[in-house]
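Here's the structure we're looking at; comments come further down.
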Amino acid sequence: VGLAILSLMAGAIYAIVMGSVEATATLQNIQTEDRRLEAVLEQTRLAFANLPAGATLELRRLENEPPRQELILRGVPTAFVWGERPRWDSGVITLAPQPWPEERLAAAANRASRFGPRGMDPATPAARPFTFALSVADFFRTDGDGEPLPESPLQSRQGHQFLRPDTQGRFWFDLLPEVDRVEWKFYDPGRKIWVDQHPPGRPPMIELLLTLPGRTTPVRTVFATA
């Protein structure tokens, strides 16, 4: 009887400890995700608030469901910059959700099968997660002869194991590693409506809706342009 009681107590203590560890890890992941989201939104706000004269914004709709758009900023050499060379030669930046590659999906599915849930079926388009990513031609910088410059982040048009070109030869850098939906809208002051595609121009306001994994309510942010 004593051993049985000790076994029950040990099991209860183990369950409490494991529950506490899992709750702490989940909280840390959420806090890290929130900090990264805040940083991305702040950089986006700064980019729109400090548009140079002549800069334009274009919104292209690529797919309807799940929605996929490309937001293209032109004439913005100092937006989303970092590192020792804080300026883009091209001044053209594209923001868009990018589907996870097959190898990343396979790794995530393997983790889920071993450690429990994200219930991800790679064969189901609606279940495929995205990254919220940035692309700029300066990721592969070349000289007049087309050879990569020493300071170029990438030294090959094929990239490397962590950064590979898409079908158009563009490289994408993850701003947010996992999102479910990314939706942009421009405010059209002439028609007084929000639109989900727009030719190059200068909308006065831009809306961003980000839906993160495990969250039912999207994060809505409205940015004003300079």
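The values are calculated or read from the model by the stated rules, or taken from the named source; none is laboratory data. A quick note: this is a predicted structure, and the numbers were derived from the prediction, not measured. Glycine gets a Cβ as well: all are built from the backbone with ideal geometry, and neighbour counts include every protein chain shown. When the accessible area is computed, the model is the full protein with side chains, heavy atoms only, and any ligands, DNA or RNA have been set aside. Shrake-Rupley method; radii C 1.70, N 1.55, O 1.52, S 1.80 Å.
Given an 8 Å cut-off on Cα distances and at least 6 residues of separation, report the relative contact order of the range 38-89 as a percent.
30 percent
Counting only the heavy atoms of the protein chains, how much of Arg220 is accessible to a 1.4 Å probe, in Å² to the nearest 10?
Rounded to the nearest 10, the figure is 140 Å².
Top to bottom by accessible area (1.4 Å), largest first, where do His160, His198 land?
Values: His160 80, His198 50 Å².
Listed by decreasing accessible area, they come as His160, His198.
With a 1.4 Å probe and all protein chains kept in place, how do Asp145, Asp174 rank by accessible area, largest first?
Accessible-area ranking of Asp145, Asp174, largest first: Asp145, Asp174.
Whose amide H sits under 5 Å from the amide H of Glu178, counting only residues 5 or more places off or on another chain, with H placed in the peptide plane?
Amide H to amide H, under 5 Å and 5 or more residues apart or across chains, Glu178 pairs with Phe132.
What percent do you get for the relative contact order of the range 146-226 when only Cα pairs under 8 Å and 6+ apart count?
Rounded, it is 20 percent for the range 146-226.
Largest first, what is the accessible-area ranking of Glu38, Glu63 with a 1.4 Å probe? Intermediate results must be reported in sequence, preceding the final value.
Details: Glu38 125, Glu63 80 Å².
From most exposed to least exposed: Glu38, Glu63.
Relative contact order of the range 139-189: what whole-number percent is it, with Cα pairs under 8 angstrom and at least 6 residues apart?
This gives 20 percent for the range 139-189.
Test of the criteria: in the range 122-199, which GluC sites (Glu not before Pro) are in a DSSP loop and have at most 12 other Cβ atoms within 10 angstrom of their Cβ?
In loop regions of the range 122-199 (DSSP not H, G, I, E or B), the sparsely surrounded GluC sites (Glu not before Pro) are Glu151.
Please compute the net charge surrounding Val182, taking Lys and Arg as +1 and Asp and Glu as -1 over other residues with Cβ under 14 Å from its Cβ.
-1
Tell me, in nm to one decimal, what length is gained between Val195 and Leu8 on full extension, where the rule is 0.36 nm per residue of separation less the Cα-Cα distance?
61.2 nm
Need the C-alpha centroid separation for the range 30-81 versus the range 178-226, integer Å.
So the separation of the two Cα centres works out to 10 Å.
In whole Hz, with x marking every Gly and Pro, tabulate ³J(HN,Hα) for the range 210-223 from phi via Karplus 6.51 cos²θ - 1.76 cosθ + 1.60, θ = phi - 60°.
10, 10, 9, x, x, 10, 8, 9, x, 8, 9, 9, 10, 10
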